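What follows is a single structure, written as structure tokens, with notes after it.
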Amino acid sequence: MKSTVEQLSPTRVRINVEVPFTELEPDFDRAFAQLARQVRLPGFRPGKAPRKLLEARIGRGAVLEQVVNDALPSRYSQAVTTSEVKPLGQPDIEITKLEDGEELVFTAEVDIRPEVTIPDLAALKIEVDPIEVTDEDVDTELQNLRARFGTLTGVDRPIENGDFVSIDLSASVDGKEVPDAKTEGLSHEVGSGQLIEGLDDALVGLKEGETKVFTTKLAAGEYAGQEAQVTVTVKSVKERQLPEPDDEFAQLASEFDTIDELKASLREQVERVKRIQQAEQIRDKAIETLLDQIDIPLPEKVVQAQIDDTVHNAIHSLDHDEDAFAKALEAQGSSREEFDKDNKQNSERAVKTQLVMDAIADHLDIQVGQNDLTERLVLMSRQYGLEPQQLLQYLQENNQLPVMFADVRRGLAVAAVVHGATVVDTNGNVIDTTEFFGPPASTDPEEVAAQIAAQVAHIEQATAAVEETADADAEQADDEPSDDTK
């Protein structure tokens, strides 16, 4: 087999491949063996029919077509390996010559990774926000904790921000009732802004049993983006009474005996969260700093595929109804033009990030071990609420394991960038990143990769733990506290 490469652009090539028919003989053998098992000829057992009889029954053209279709993928892969190009995505293959018994000639156009010049990683400087835990931060956490142990008591007064109400809602557009907007006995915290725009302003000042009509734009459903007249009726009004922040409360809400011990623990908790947030900022700034220093052409088809995928996901829940999508964007104060502009910019940035991280991983010879993949699999299984084996089966069936492998390797590359950079906060203090990105103790590529993998897993697991805690707090906040029946 002979192959040559034409450079069509910095990000696209055409591979010309010539395959003499003598090299296709094994492919013909496999094709006839498969046909012999499928085609029944009188007087011959399955799989034993001679090639000439099979060819006479099926036709030389059909056999040749199957051989060529089966041979193209392997010959393309062989040409890619020989030429040492780094393809991105699927190729566009065209058969330019097919002479039975002589030669198969085809071309394959495919996007490739552009050349990336890696800057001096040791010269990179990453600047992030300092970690500052204030008394206000601690008071906010204490207030949230008190709210979780608060009780609701009915009041006979106008509604104020912070009250909990039970309401009936209905809406109409141009005098026509909106069925999806009608509900009864809905619990709501006034001032939270969690329901429709304008509701909290309408509720403040009302008393139990009173009704008010206000105008707002609907955010979802058949009438998304249209103005509606909303009627709200107050069924009950309750205020939340918080426990006193004293030693008794500390013993009720925690394992500590005094409120001072509880506050000290909350301060440590806030600092731990901020350290994780700072580590995430270091990671993001490392990528941002690199992208600012590297200018590379982007493969158009890869970027377009990213754009199309984002659009597909955005309108999938709307049954791919473009009009409904436009109305939903309008309700959010945006437009399709703004969405497409942002989508293009984000897609270009995402593709550039992947290309740069892949180039750095190659430059540093970063290897991904079995432990790295296992740790990522366990983390993903927790996020999706699946057993690791179930997730693994899904990834295998949908050919997503290579995607996960590439993502893990890029994460290791980001960690390696942090190792080589100088990291400071905006006050000029050098930040010790060893807690999450501990510097490798060896210069051996395999050992370095293994250490980085452990550090990346550490930050991801810590982040996941914080997110779980935040989710739990959010669920607690959404739940209406129990009435005080004592």
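The values are calculated or read from the model by the stated rules, or taken from the named source; none is laboratory data. Worth saying up front: this structure is predicted, and the values here are computed from it rather than measured. Quick reminder, even Gly has a Cβ in these numbers, built from the backbone with ideal geometry, and neighbours come from all protein chains shown.
Within the stretch 371-389, the set of residues being closer than 17 Å to Leu412 by Cα and either more than 18 Å from the chain's Cα centre (by Cα) or not in a helix (DSSP H, G or I) (or both) comprises Asn371, Asp372, Thr374. Please work out if Lys217 is basic (Lys, Arg), surrounded by 15 or more Cβ atoms within 10 Å (Cβ to Cβ) and more than 25 Å from Ala413 (Cα to Cα). Yes; evaluated as a whole, the condition is true for this residue. Candidates in the stretch 330-354 are the residues that are touching a residue at least 60 places away in the same chain (Cβ under 8 Å) and either of a type in the set (Lys, Arg) or in contact with a Lys or Arg (Cβ under 7 Å, 6 or more places away or on another chain) (or both); of these, the one that is nearest to Val303 (Cα to Cα) is Lys352.
Surrounded by 15 or more Cβ atoms within 10 Å (Cβ to Cβ), over 30 Å from Leu252 (Cα atoms) and touching an Asp or Glu at 6+ places or on another chain (Cβ under 6 Å) - does that describe any residue in the stretch 82-90? Looking for residues that are surrounded by 15 or more Cβ atoms within 10 Å (Cβ to Cβ), over 30 Å from Leu252 (Cα atoms) and touching an Asp or Glu at 6+ places or on another chain (Cβ under 6 Å), one finds at least one in the stretch 82-90, hence yes. Among the candidates Val68, Val105, Val116, Val128, the residue that is touching an Asp or Glu at 6+ places or on another chain (Cβ under 9 Å) and at pLDDT below 90 is uniquely Val68.
How many residues does the stretch 139-196 hold that are hydroxyl-bearing (Ser, Thr, Tyr) and buried (at least 17 other Cβ atoms within 10 Å of the Cβ)? Qualifying residue count for the region: 2. Which numbered condition in (1) part of a loop (DSSP other than H, G, I, E, B); (2) more than 36 Å from the chain's Cα centre (by Cα) is the only one that Gly162 fails? Among (1) part of a loop (DSSP other than H, G, I, E, B); (2) more than 36 Å from the chain's Cα centre (by Cα), Gly162 violates only (2). Within the stretch 224-259, take every residue that is touching a helix residue (DSSP H, G or I) at 6+ places or on another chain (Cβ under 8 Å) and assigned to a helix (DSSP H, G or I) and give me the one that is farthest from Ser335 (Cα to Cα). In this case the residue turns out to be Asp247.
Out of curiosity, is Leu290 in contact with a Pro (Cβ under 9 Å, 6 or more places away or on another chain), modelled with pLDDT under 95 and assigned to a helix (DSSP H, G or I)? In short, yes. Within the stretch 416-437, restricting attention to residues that are over 15 Å from Gln278 (Cβ atoms) and within 26 Å of the chain's Cα centre (by Cα), which residue is modelled with the lowest pLDDT? Looking at the filtered set, the residue picked out is His419.
Taken together, the residues in the stretch 192-206 that are in a loop (DSSP other than H, G, I, E, B) and over 7 Å from Ile159 (Cβ atoms) amount to 7.
I'd like to check something: does the stretch 151-158 contain any residue that is assigned to a helix (DSSP H, G or I) and not basic (Lys, Arg)? No, that holds for no residue.
The criterion of being in a helix (DSSP H, G or I), touching a residue at least 12 places away in the same chain (Cβ under 8 Å), touching a strand residue (DSSP E or B) at 6+ places or on another chain (Cβ under 7 Å) and of a type outside the set (Asp, Glu) holds for Lys301. The residues of the stretch 68-91 that are within 12 Å of Asp111 (Cβ to Cβ) and aliphatic (A, V, I, L, M), listed by number, are Val85, Leu88. Counting only residues that are touching a helix residue (DSSP H, G or I) at 6+ places or on another chain (Cβ under 7 Å) and not aliphatic (A, V, I, L, M), which one in the stretch 387-415 is modelled with the lowest pLDDT? Restricting to residues being touching a helix residue (DSSP H, G or I) at 6+ places or on another chain (Cβ under 7 Å) and not aliphatic (A, V, I, L, M), the top hit is Pro388.
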